[in-house]
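For reference, the structure discussed in these notes is given below.
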Amino acid sequence: LVQTYPVGLGRTDRRTPRGSFKVKGKTVNPTWVIPARIRQEHIAEHGDDRKAIPGGHPDNPLGKYRIELTIPYYTIHGTNNPWGAGMPVSHGSARLYPEDIEHLFPLVKVGMPVEFLYQTVKVGRRKDGTYLEAHSDLYGVGGTLDAAARKELGRLGSTVDNKTPKGALERS
């Protein structure tokens, strides 16, 4: 079984890291201790000099659930601004819709592996056919969508004519 969720990624100047990690901990209603660099942004942009925002507070960007990872400062968490899920708006953590993190949170166990992939094209197969999903290359590191589509289709052992991936990508 594979579950997928829209995820808000880090802005282009604060990219979400790629790699393999483990779940270090889980917190319900986490307090957000604001890192110094982000705090300086908040002071400059909003005049907000708080050092922390308590769990459950409407200004807390972590939402109701946080999954801590073995990579320092990066987590998987909910949000107080659902419009940011699926967009590059975070400081690098993975931000999920509140209802999605609520579903995921009880399924995750401390010690579980986590892998952050940066994949602009995904391909899958079901009984009724092969499916291709493509997204813009926000960080400019994935090459062309056509090349990525061909690579992913090749992993499934699919061979296609030259026009099929390009046509599918143009319609996406």
remark   = In the range 31-150 the accessible area split gives carbon plus sulfur, as whole percent at 1.4 Å, a share of 56 percent
key: Point-charge dipole on Cβ atoms (K/R +1, D/E -1) for the chain, about Cα centre, debye to 20   = 560 debye
query = Too long at a 24 Å Cα-Cα cut-off: which of Lys26/Lys51; Lys22/Lys127; Lys127/Lys151?
reply = Lys22/Lys127
query = Using a simple spin-label model with points 7 Å from Cα along the Cα→Cβ vector, what separation in nm is obtained for Ala44 and Tyr118?
reply = 2.3 nm
remark   = Answer in debye to the nearest 20: the dipole magnitude of the range 21-82 about its Cα centre, from +1 Lys/Arg and -1 Asp/Glu charges placed on Cβ, is 380 debye
task = Report the calculated FRET efficiency for Asp13 and Asp137 (r = Cβ-Cβ distance, R0 = 22 Å), to the nearest 0.05.
result = 0.85
task = Please calculate how many Å² of accessible area the chain carries per residue, with a 1.4 Å probe and no DNA, RNA or ligand atoms counted.
result = 62 Å²
ask   = Which value in nm describes the separation of the simple spin-label points at Trp83 and Asn29, placed 7 Å from the Cα toward the beta carbon?
value = 2.8 nm
inquiry  = Please report the net charge: other residues with Cβ closer than 13 Å to the Cβ of Trp32, K and R +1, D and E -1.
reply    = +3
task = Compute the signed sum of charges (Lys and Arg +1, Asp and Glu -1) over the other residues within less than 12 Å, Cβ to Cβ, of Val7.
result = 0
inquiry  = Taking R0 as 22 Å, what FRET efficiency do you get between Val2 and Asp128 from their Cβ-Cβ distance, rounded to the nearest 0.05?
reply    = 0.80
Pairs of alpha carbons in the chain whose separation is greater than 28 Å (percent) = 33 percent
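Work through the residues other than Thr75 whose Cβ is under 11 Å from its Cβ and net out their charges, Lys, Arg +1 and Asp, Glu -1. Write out the running numbers ahead of the final one.
On the way: positive: Lys24, Lys26, Arg66, Arg95; negative: Glu68.
Around Thr75, the charge tally is +3.
The values are calculated or read from the model by the stated rules, or taken from the named source; none is laboratory data. Bear in mind the structure is a predicted one, so any value in this text is a computation, not a measurement. Glycine gets a Cβ as well: all are built from the backbone with ideal geometry, and neighbour counts include every protein chain shown. Note: accessible area is taken over every heavy atom of the protein model, side chains too, but ligands, DNA and RNA are not part of it. Shrake-Rupley method; radii C 1.70, N 1.55, O 1.52, S 1.80 Å.
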